1. Hey, among the residues in the stretch 183-218 that are over 20 Å from GLN251 (Cα atoms) and either assigned to a loop (DSSP other than H, G, I, E, B) or free of Cβ contacts under 8 Å to residues at least 12 places away in the same chain (or both), which one's most open to solvent (accessible area, probe 1.4 Å)?
2. Any residue that is modelled with pLDDT under 95 and part of a loop (DSSP other than H, G, I, E, B) - is there at least one of those in the stretch 278-285?
3. Scanning the stretch 19-43 for residues that are of a type outside the set (A, V, I, L, M) and surrounded by 15 or more Cβ atoms within 10 Å (Cβ to Cβ), which turns out nearest to GLU104 (Cα to Cα)?
4. Can you name every residue in the stretch 239-260 that is at pLDDT 95 or above and in a loop (DSSP other than H, G, I, E, B)?
5. For the stretch 147-160, indicate whether the set of residues that are under 21 Å from ALA41 (Cβ atoms) and open to solvent by less than 10 Å² (accessible area, probe 1.4 Å) is non-empty.
6. Suppose we filter VAL89, VAL70 for residues that are out of contact with any Cys (no Cβ under 8 Å at 6 or more places or on another chain), buried (at least 19 other Cβ atoms within 10 Å of the Cβ) and assigned to a helix (DSSP H, G or I); which single one remains?
7. Please go through the stretch 121-138 and give me each residue that is farther than 24 Å from HIS61 by Cα and either touching a helix residue (DSSP H, G or I) at 6+ places or on another chain (Cβ under 6 Å) or buried (at least 19 other Cβ atoms within 10 Å of the Cβ) (or both), ordered by number.
8. Scan the stretch 241-280 residue by residue and report those that are among the β-branched types (Val, Ile, Thr) and touching a helix residue (DSSP H, G or I) at 6+ places or on another chain (Cβ under 8 Å).
Amino acid sequence: DFPVFKKIEAVSNVTALAQVDREKIYQWINELSSPETRENALLELSKKRESVPDLAPMLWHSCGTIAEIVNIYPSINPPTLTAHQSNRVCNALALLQCVASHPETRSAFLAAHIPLFLYPFLHTVSKTRPFEYLRLTSLVGIHRALVKTDEQEVINFLLTTEIIPLCLRIMESGSELSKTVATFILQKILLDDTGLAYICQTYERFSHVAMILGKMVLQLSKEPSARLLKHVVRCYLRLSDNLRAREALRQCLPDQLKDSTFAQVLKDDTTTKRWLAQLVKNLQEGQVTDARGIPLAPQ
């Protein structure tokens, strides 16, 4: 009948429950090392990853998660991946996302080149749901989590990998959601000065990016997606910050970004409209024109 005692009892119960949960976490982490118990441990830990702040350091010092990823390789080529296999490996990827996102484990995660274990998944082209889920989880779970940190260390690492051509391929032929995530990753790389310089360093790199973005604009004019268009426009705008790229974009920027093709799609999106106006302005600045104000073709 004494409220204060009831409150103390309630706190004690919560503490005891937390301790039980903690013991379960330790148990599941130990169970990752055994093929017989790993599947359930992956499932349970993936459910708890948001509620256990120090799960990432514990996972980093455990074993079994990478083995789960490598074990799925034989099902990729030839493509025989089942929904059950895909769900299971995606639970492992969810735990890797936890490690990639945590400030205490991110550097070690990159130093060990863990993202390279996922590139076989991003190389797949099968349109079936298990493969699409696998690609999307690899992109969203790991790479999107990495680039969202805006850390130079992440960009420097990604530039040593094949993530840019892999993203470009997904941007060309993936589902709308995969395209959106892949374009966002490219955008984050471009927004870094080192990333922009890397992509604009050679004509081959720039032209590959510009070609894919151009194809996307053409496709978006037929099947509009405001969310995807936003990332595409931001990529073009950032490219226009580089003088050599700006000169090239004057010749290859799609007409659909210069006329009113996307006026209806962007009518409520003031940010993208502002980016698009700035892009057009950037390409007009410093351009040589004739007496009538018409741009002259380069000699």
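The values are calculated or read from the model by the stated rules, or taken from the named source; none is laboratory data. Just so it is clear, the model here is predicted, and its values are computed rather than measured. Every residue, glycine as well, gets a Cβ built from its backbone with ideal geometry; the counts of neighbours run over all protein chains shown. All accessible areas refer to the heavy atoms of the entire protein, side chains included, with ligands and DNA or RNA removed. Shrake-Rupley method; radii C 1.70, N 1.55, O 1.52, S 1.80 Å.
1. Ranking the qualifying residues of the stretch 183-218, first place goes to ASP193.
2. yes
3. Among residues in the stretch 19-43 that are of a type outside the set (A, V, I, L, M) and surrounded by 15 or more Cβ atoms within 10 Å (Cβ to Cβ), the one nearest to GLU104 (Cα to Cα) is TRP28.
4. SER240, ASP241, ASN242, LEU253, PRO254 - these are the residues of the stretch 239-260 that are at pLDDT 95 or above and in a loop (DSSP other than H, G, I, E, B).
5. No, the stretch 147-160 contains no residue that is under 21 Å from ALA41 (Cβ atoms) and open to solvent by less than 10 Å² (accessible area, probe 1.4 Å).
6. It is VAL89.
7. Once the filter is applied, which keeps residues that are farther than 24 Å from HIS61 by Cα and either touching a helix residue (DSSP H, G or I) at 6+ places or on another chain (Cβ under 6 Å) or buried (at least 19 other Cβ atoms within 10 Å of the Cβ) (or both), the stretch 121-138 yields PHE121, LEU122, THR124, PRO130, TYR133, LEU134, ARG135, LEU136.
8. Answer for the stretch 241-280, where residues must be among the β-branched types (Val, Ile, Thr) and touching a helix residue (DSSP H, G or I) at 6+ places or on another chain (Cβ under 8 Å): THR261, VAL265, THR271, THR272, VAL280.
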